[in-house]
Amino acid sequence: MTPIEELLTRGELTVRGRIAEASNAVLLCTVAHEGRSAECVYKPVKGERPLWDFPDGNLARRERAAYLVSEATGWGLVPTTVLRDGPYGEGMVQHWIDAGERPESGLLALVEGEEAGEGWKPVALAEVGEGRTALLVHADDPRLRRLAVLDAVINNGDRKGGHLLPAPDGRLYGIDHGVTFHTEDKLRTLLWGWAGEPLTDEAREVLGSLEEQLADGAPLATRLGELITPVELAAVRARVAQLLRDGRHPQPSGQWPSIPWPPV
């Protein structure tokens, strides 16, 4: 257990307020333990809004599972996330990342014309009012590309712009991973710019390592098995194997909307 995991797991949670724009109960808290403290978010299971297409388990457990997979990649793309009891019962507690008022700034943009421009990847045309359209683009950023691979593995159904948090130290984090690990293809994301392109050598190496870590009896597989259902765990293994066979970033399936709404 890392020091921040220990703090989030064993510290005393003090609720400071609620993040009003969240669809589920998201509480801003301070956690303190043995002279150390930090800001965090606490999402109690009791405050989750039921979803018709996620009947198994709960969103808090999926958030913890996403963190474990992120850590297994070595990329550290998800803030430290634990599952614990709090003032309102069991829930997810995640280290707070302060990324400013518009965290997606510099990562997403709307541009005129049909060309993304140097340093950007096209996603889709978007209506911007008065009958006009603009091209939605995201940065051709290796941090985003890693996140796109992670999303493909965990089958993220809600990768919005506001879920991208660039930290002051240059690291990029993704948050809000409750809508993940479904057995059906639910991938909805703004990071389609690499769709169909070959995976990087780094991504293939990471996926190969994940495949080993997801084998029966391996520590990661055991920990995930406590958070998601057996069929969901089997689906994770299948997605990793498919990515390795294809050697390419996935493309929209056409069975579901490929971009979340609202996109930011």
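A few points about this structure:
- Residue list for the range 155-200, filter: among the β-branched types (Val, Ile, Thr) and within 20 Å of PRO142 (Cα to Cα): ILE175, THR189, THR200
Each row is one residue, and each column tells you yes or no for (1) of a type in the set (A, V, I, L, M, F, W, C); (2) at pLDDT below 95; (3) open to solvent by 40 Å² or more (accessible area, probe 1.4 Å).
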residue: GLU184; (1), (2), (3): no, yes, yes
residue: ASP201; (1), (2), (3): no, no, yes
residue: LEU207; (1), (2), (3): yes, no, no
residue: LEU210; (1), (2), (3): yes, no, no
residue: PRO260; (1), (2), (3): no, yes, no
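- Residue pairs whose Cβ atoms lie under 6 Å apart, sitting 6 or more positions apart in sequence or on different chains, and linking a residue in the range 105-126 that is closer than 20 Å to PRO252 by Cβ and small (Gly, Ala, Ser) to a partner that is open to solvent by 40 Å² or more (accessible area, probe 1.4 Å) and part of a strand (DSSP E or B), are ALA116/PRO122.
- Restricting attention to the range 74-85, the residues being over 13 Å from the mean Cα position of the chain (by Cα), in contact (Cβ under 8 Å) with a residue 24 or more places away in the chain and surrounded by fewer than 21 Cβ atoms within 10 Å (Cβ to Cβ) number 3.
- Against the numbered list (1) buried (at least 16 other Cβ atoms within 10 Å of the Cβ); (2) small (Gly, Ala, Ser); (3) within 17 Å of the chain's Cα centre (by Cα), ALA167 comes up short only at (1).
- Long-range neighbours under 9 Å by Cβ, at least six apart or interchain, first residue hydroxyl-bearing (Ser, Thr, Tyr) within the range 230-243, second open to solvent by less than 20 Å² (accessible area, probe 1.4 Å): none
- Of all residues assigned to the range 125-145, at least one qualifies as being in a helix (DSSP H, G or I), closer than 14 Å to THR73 by Cα and either touching a helix residue (DSSP H, G or I) at 6+ places or on another chain (Cβ under 9 Å) or open to solvent by 10 Å² or more (accessible area, probe 1.4 Å) (or both).
- Hits in the range 56-85 (condition: touching a helix residue (DSSP H, G or I) at 6+ places or on another chain (Cβ under 7 Å) and hydrophobic (A, V, I, L, M, F, W, C)): ALA60, ALA65, ALA66, LEU68, VAL69, ALA72, TRP75, LEU77, VAL78, VAL82, LEU83
- In this entry, ARG16 passes the filter for residues that are exposed (fewer than 14 other Cβ atoms within 10 Å of the Cβ) and in a strand (DSSP E or B).
The values are calculated or read from the model by the stated rules, or taken from the named source; none is laboratory data. Fair warning: this is a prediction, and the values are worked out from it, not measured in the lab. With ideal geometry, Cβ positions are generated from the backbone for all residues, glycine too; neighbour counts draw on all protein chains shown. Heavy atoms of the whole protein, side chains included, go into the accessibility calculation; ligands, DNA and RNA do not. Shrake-Rupley method; radii C 1.70, N 1.55, O 1.52, S 1.80 Å.
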